[in-house]
Amino acid sequence: MAVIPKFVGARIKRREDPRLISGTATYVDDVRLPDTLTAVVLRSPHPHARINSIDVAAARSAPGVVAVLTGEDLKGKVGGIPCVAPAEHIPFHPLLAQGKVRFVGESVAVVVASDAYLAQDAADLIDVDYDPLDAVSDPEKALADGAPILHEEFGANLATRALIPNPAVDEAIAKADRVIKFRIVNQRLAPVPMETRGVLAQWHQASGQLTLWTSTQIPHLLRSALAAVLSLPENRVRVIAPEVGGGFGAKLNFYREEALVAYLSRMLGRPVKWIERRRENLATTTHGRDQITYLEVPVKNDGTVLALKAKFICDMGAYLQLLTPAIPGFSGLMMTGCYKIPAMSFEQVMVFTNKMATDAYRGAGRPEAAYIAERTMDMVAAELGLDPVEVRRRNFIPKEAFPYATCAGLVYDSGDYNAALNKALEIVDYPKMRAEQAEALKHGRYIGIGIASYVEICGIGPSAMLPPKVPGWESATVRMEPDSRITVLTGISPHGQGQETTFAQMAADAFGVDIDDVAVVHGDTAIVQYGVGTFGSRGLSVGGTAVMMSVGKLQEKLKKIASTMMEAPPDQLTFTNRTVALKSDAAKAIPLQAVVDAAYGWKMPIPGMEPGLDATSVFEPTGCTFPFGTHIAVVEIDPDTGVVTFLRYVAVDDCGNIISPLLVAGQVHGGIAQGIAQALYEEVVYDENGQLVTATLMDYAAPRARMLPHYELAHTVTPSPLNPMGVKGVGEAGTIGSTPCMVNAVLDALKPLGVRHIDMPLRPEKLWRAFKDAKKA
Amino acid sequence: MFPSQFEYHRAASIKDALDLLKQFGDDAKLLSGGHSLIPMMKLRLAQPAHLIDVTKIAELRAISESHGKIVIGAAATHDTVANSDLVRAKLGLLAEAAAAIGDVQVRNRGTIGGSLTHADPAADYPATALALEAEIKLDRDGGSRAVKAADFFLDLMTTAIQPGELLTQVAFAPIPSGTGYAYLKYPHPASGFAIVGVAAIAALDRSGKFANLRVGVTGLGPKAFRATAVEAALAGKAADAATIAAAASKTADGVDALGDIHASSEYRSELARVYARRAIQAAVARAKA
């Protein structure tokens, strides 16, 4: 009999991929139910306007139209979209605008018709009488006196304020050799998942049940929210996240259309489908980032950073989505990065503007934090004439100091920041690269070397770190079926991350079976026990731990049963090659199937033992994991055009132990792509009047392969002590390390021009201007 | 993204297409790839009642050599042009420009006739058609006429095509051996169109002076144009770096440059000068090789 290999740590191809690359996966739009109606949403062309009246008569009588609804029709019949994060002012967030529109793309009316073409024809017939109002798109201007007010009931555009004061910071500023002050911007980004949002709702009149297929990262949380908004019992609501084509945080939310389409299906007694168009996706799916940070950094002349003081202006957009005001908190808490900075303080001012709401986007607050920390290190180096490597080394938290309590009150689980930095420096051959850079400059070539040593927070986590309705625990059921195949039901809802592969690797090894003997099931609230979801790189460290807890319970039961059959103590037994064997002598074994037969059989070998092989566990972490690493980019800038050419890109990431090397590489690749895109290309642009300029992918510069470097990937391995696998999470690391790394590289190339900082995205035109201005000076 | 209702007609022949054009007049749009038209229809910015698909007309898809000219059918896809042995051997500049258009999906559907007819100010082909002095054949009911590329592009998305006319062929003189060429493009980071694209063809005499130079520029202004000031400044001049650079600095003179968030008009003008200089230098290097 062939020996079954071990799968954990092996280069296993993703088990999800065959259906994805063969085009046979089932996304929301692939779910076809008889008699389905199509909804089309009419949206505001205005950033800010009063709605005087809406004439829907012509639309209602148009061919194929079944219903046309406006905000007035929904008043008192359905709740608003919830924001579960605490904030001083949470505006009512209607499914369709009521009285006013507050951003371009805000839903104003919905048409339901027999097909999308007729629905759109009818939507074109709706006559909305708008009274345009002054709009504000700049969050700093929104705070000024006389700014147009979005929500009159609050009297101003302030949504909420967070203040973490610390007198030690001001003391540090007073006694510092120097205080470096600067302002940096993390610009607004659009997540642009390949699959846009989409919803299909089916109301079963006879049983009073609702089934909702939606492209979401959080089917269970969404079920709770949906039931509340529609006043339905939760056990009558089933949410299915079928194949989800990317979320990046944007689908960690509950959107107007999810409630609206469900409402319509119940109202009409027929299935209703709405599929988001790309233009809608760019305008009405949550955006990320959009933070302005003013920093004061007191330093000693040797490069020691004494404290960090920050003021953030955070753009919320027009309404608060599920977690909108919670995201900036991570930027503040993580802004001291890998460094033993003794004190920090921050103020965050969160502001309403006439723009789409911001919320989680890959990294969600930590890319902003890493950008602050790593730009700070380079600013300190530039100010003091020190090598950026030296400044980082001087300030690193030493590896002996872990677990390390930061001045922000977080406890970093484990780390060895120098090891990752050293490995990256070695791969790139740093001294040689610096020499080449100096030599090139003599010939008028501008080469830049950028370093970012990042740490981020993953595996959230203790529930206390999250709002009450978004807990931090995760669930898993592991079942051994009567044929000894294994089913894993996970409460996370992967949408591209690959847990169907990693969890199968883990379960297969634990029971000594083949990976093909394991099926991983997720994303259906009627099948899977209540869970939380996939976000914040928590799938493996939190969801995986729950899987391993259930695996452990099953192993224990199987060993107990086997021990009576084999007359050996349970702790002497192990699972290998589809047998239960003596640890000391693998030849003394019985088939796993025999033990399973006993567990499911008429006669349990152990009197009183519950038949069946099924275990459910919930894991609530005691702390978060803190992956880290160092990225180094080498670029050359063409002084005539400002065009950036990539010479090297080295990423050394430490995500603890690695279960699935190919998946880790994939996550790092994608993360770096999105991070470099923030550094160089992407920006959601609203003009000063609130019009969305980047309304299509002809204007919004999502990265293409040709716009990215070749990646050289490596790892250090510092296991986390907080979970049995020793893993940390890697879903966002690439995004977090690469943005500051690339910006530092470009600005390093511009250093001979005396340039200290340019805000992202570093479009070639901005760099060309830097050369031009330097020539003038 | 759902267009309003339209009727689709697949033209079987040029005559068929012209008859349909006559029948439906302004209510009809020609479909030849549709990579610009269909998105506009999906946004309902264009709402033609009739689409006349000309891409299935066999004679419009052909690439051939006749009477010393390379003749490319209007419905030849960018991919076909880029990979045609004939085009690669005798019209290398056109093959390079075709290969620089959009991405694989666009090149598999988009056509040379569609691109030239649409006359997007940032399209790649127009610069090449100008530099290669293409002759564009327009058929109408009962006749046809040939229009020189220089007379074809009139303004932003406006060409010399009259109502009832169908662009059927583009004819090019082969690039003589010993003549160098280059198409250099700065792609728009979102759309992949040319923020600036410069096509240059250069031939040198025995003393290394320009015997012939043609420079086509796309992306900079409302329409593609020949950089005649640059060509004139280099006529009969030595093909050295300084002379080329001085001449290329005139590339954007008198052009009302476009601008967007990715490239202002000022930057775009500078890119045109830099890319013209580099394209001419590259063409010269190949002419010498």
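Coordinate-derived values only; no laboratory data. Just so you know, these numbers come straight off a predicted model, no measurement behind them. Counting neighbours? That spans all protein chains shown, and the Cβs are built from the backbone with ideal geometry, glycine included.
For this structure, a couple of remarks:
- Extension gain, A:Ala156 to A:Asp170, is 2.1 nm, computed as 0.36 nm per intervening residue step minus the present C-alpha separation.
- Expected 222 nm ellipticity per residue - DSSP helices of 4 or more, -39500 (n - 2.57), all of chain A, to 500: -8500 deg cm²/dmol
- Inter-label distance, nm, simple model (7 Å from Cα along the C-beta direction), B:Ser4/B:Gln47: 0.2
- Cα centroid separation, the stretch A:1-76 to the stretch A:700-742 (Å): 30
- Ellipsoid equivalent to the protein assembly as shown - semi-axes via the Cα gyration tensor, in Å: 51, 38, 32
- Model label zone, A:Lys6; criterion: amide N under 17 Å from point 7 Å along Cα-to-beta-carbon; scope the stretch A:511-554: A:511-515
- Here is the tail figure for the stretch B:180-288: Cα pairs spaced more than 18 Å apart come to 41 percent of all pairs.
- Alpha-carbon centroids, the stretch A:141-182 and the stretch B:22-97: separation in whole Å: 58
- Dimensions of the stretch B:7-52 from C-alpha coordinates, computed as largest minus smallest value along each principal axis and given longest first, are 31, 19, 13 Å.
- Applying a length cut-off of 27 Å (Cα extent along the axis) and a mean Kyte-Doolittle floor of -1.0 to the DSSP H helices of chain B leaves B:265-288.
- Taking N as the residue count of the stretch A:634-777, its C-alpha radius of gyration divided by 2.2 N^0.38 Å amounts to 1.23.
- Long hydrophobic helices in chain A, taken as whole DSSP H segments with a C-alpha length of 24 Å or more on their own axis and mean Kyte-Doolittle hydropathy at least -1.0: A:366-384, A:545-566, A:661-680, A:733-749.
- Computed over the alpha carbons of the stretch A:717-777, Rg followed by Dmax gives 18.3, 61 Å.
- Sequence-distant aspartates and glutamates (8 or more away, or on other chains) whose Cα lies within less than 19 Å of A:Lys13: A:Glu243, A:Glu500, A:Asp509, A:Asp514, A:Asp516, A:Asp517
- The stretch A:610-627 and the stretch B:168-230 have their alpha-carbon centroids 65 Å apart.
- Relative contact order computed over chain A (Cα-Cα under 8 Å; 6+ residues apart), in percent: 15
- Placing a label point 7 Å from the Cα of A:Asp17 along the Cα-to-Cβ direction, the residues of the stretch A:655-675 whose backbone N falls under 12 Å of that point are A:661-667.
- Divide the volume of the convex hull around the Cα atoms of the stretch A:102-243 by the residue count and you get 253 Å³ per residue.
- Amide hydrogen neighbours beyond the local backbone of A:Asn689, cut-off 5 Å, H modeled: none
- Within straight-line reach of B:Lys137, meaning a Cα separation under 17 Å, sit the following lysines at least 8 residues removed in sequence or on another chain: B:Lys15, B:Lys69, B:Lys148.
- Remark on A:Met344: its backbone amide H falls under 5 Å from those of A:Leu308, a criterion applied only to residues 5 or more positions apart or on other chains, H modelled at 1.01 Å from N.
- Compactness ratio for the stretch B:61-172: Cα radius of gyration over 2.2 N^0.38 Å (N = residue count) comes to 0.98.
- Shielding by partners, peptide B:267-276 (average Cβ within 10 angstrom, other chains): 3
- Once Rg and the Kirkwood radius are both taken over the C-alpha atoms of the stretch A:322-367, their ratio Rg/Rh works out to 1.03.
- Pairwise FRET efficiency - B:Ser264 versus A:Ser463, Cβ, R0 = 51 Å, nearest 0.05: 0.55
- Chain B - convex hull of the alpha-carbon atoms, volume per residue in Å³: 122
- Loop-located chymotrypsin sites (Phe, Trp or Tyr not before Pro) in the stretch A:567-606 whose Cβ has at most 16 other Cβ within 10 Å (DSSP): A:Trp602
- Shape class for the stretch A:683-744: prolate, because the ratio a/c of the largest to smallest gyration tensor axis (alpha-carbon atoms, square roots of eigenvalues) is 1.5 or more and a/b beats b/c.
- Quotient of Cα Rg and 2.2 N^0.38 Å for the stretch A:15-99, N being how many residues it contains: 1.59
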